[in-house]
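These notes are about the structure you will find just below.
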Amino acid sequence: MKIAKEFRWEMGHRLKFHKGKCINLHGHSYKMMVEFTGDVDENGMVLDYYDVKEIVAPLVEELDHGFLVYENDTELQEMLKKLNSKHTVVKFESTAENLCKYFLEKIAERELPGNINKISVKVFETENTYAEEELIF
Ligand SMILES: [Zn+2]
């Protein structure tokens, strides 16, 4: 059985390596679908939606209305510091693919009930583009 919860946030970024428009500072209304697969427990639940929210919402809140900055992009870091604007520095280019891995790793760090055997994260950068990564255990 699989359960899923959707999360949304606004975030700015740029892809410094990009040959097209994505090299510019811009933002997206991100959407993420977090899915948990596993056996249903004695109460008829895979995982309480409340617990899903408690695990994922703080991760989303940390990024909401801020910039995600690759650690090598020192110019952007300096500018955001100067403007005293919310930003998070990460060790990866801020692509949807890497964001997927980022969230998946953070979620997997948490102690989950033994019935869960798969976590899947889909990050939508726009309404019609997404990246998906899953972890099976
Ligand atoms: Zn973008």
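Just want the ordering: MET45, MET11, from fewest to most Cβ atoms lying within 10 Å of their own Cβ.
Working: MET45 15, MET11 21.
With the sparsest Cβ surroundings first, the list reads MET45, MET11.
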| task | Might you report the magnitude of the Cβ-based charge dipole of the range 10-137 about its Cα centre, with Lys and Arg at +1 and Asp and Glu at -1, to the nearest 20 debye? | result | 800 debye
| note | If each K or R counts +1 and each D or E counts -1, the residues other than PHE7 whose Cβ falls under 9 Å of its Cβ total +3
| field | Of the chymotrypsin sites (Phe, Trp or Tyr not before Pro) in the range 1-63, those whose Cβ has at most 16 other Cβ within 10 Å and which sit in DSSP loop | value | PHE17
| query | Rounded to the nearest 500, what is the chain's calculated 222 nm mean residue ellipticity when only DSSP H runs of at least 4 contribute -39500 (n - 2.57) each, over all residues? | reply | -8500 deg cm²/dmol
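Over the chain, what is the relative contact order in percent, taking alpha-carbon pairs closer than 8 angstrom and at least six residues apart? Mind showing how you got there, number by number?
Working: 244 pairs, mean separation 38.6, N = 137.
Computed over the chain, the figure is 28 percent.
Name the longest site-free stretch of the chain, where the excluded sites are GluC sites (Glu not before Pro) in a DSSP loop with no more than 14 other beta-carbon atoms within 10 Å. Can you show the working numbers first?
On the way: sites that count: GLU42, GLU71, GLU109, GLU111, GLU127.
Formally, the longest exposed-site-free interval is 1-41.
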| request: Identify all lysines with a Cα-Cα distance to LYS118 below 18 Å; exclude those on the same chain that are fewer than 8 residues away in sequence. | output: LYS2, LYS5, LYS53, LYS101, LYS106
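Do any trypsin sites (Lys or Arg not before Pro) in the range 1-64 lie in a loop, going by DSSP, with at most 11 other beta-carbon atoms within 10 Å of their beta carbon, and if so which? Could the numbers behind the result be given before it?
Values: sites: LYS2, LYS5, ARG8, ARG14, LYS16, LYS19, LYS21, LYS31, LYS53; in loops: ARG14, LYS16, LYS19.
Here the trypsin sites (Lys or Arg not before Pro) that fit, given the DSSP loop and packing criteria, are LYS19.
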| Lys/Arg +1, Asp/Glu -1 at C-beta; the chain dipole; positive extreme among TYR70, VAL123, ALA4 | TYR70
| message | Based on alpha-carbon centroids, what's the gap between the range 1-27 and the range 123-137 in Å, whole number please? | response | 11 Å
| message | What does the charge count around SER94 come to, taking other residues whose C-beta lies under 13 Å from its C-beta (Lys +1, Arg +1, Asp -1, Glu -1)? | response | -1
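Please state, rounded to one decimal and in Å, the Kirkwood hydrodynamic radius that the chain gives when every pair of distinct Cα atoms enters the mean of 1/r. Intermediate results must be reported in sequence, preceding the final value.
Details: mean 1/r = 0.0628 Å⁻¹.
It works out to 15.9 Å.
Cβ under 9 Å from VAL123's Cβ, VAL123 left aside: what net charge do those residues give with Lys, Arg +1 and Asp, Glu -1?
-2
Readers should treat all values here as calculations from the given coordinates under stated rules, not as data from a laboratory. Here the structure is a predicted model, which means the values were calculated and not measured. Here Cβ is always computed from backbone atoms with ideal geometry, including for glycine, and neighbour counts include all displayed protein chains.
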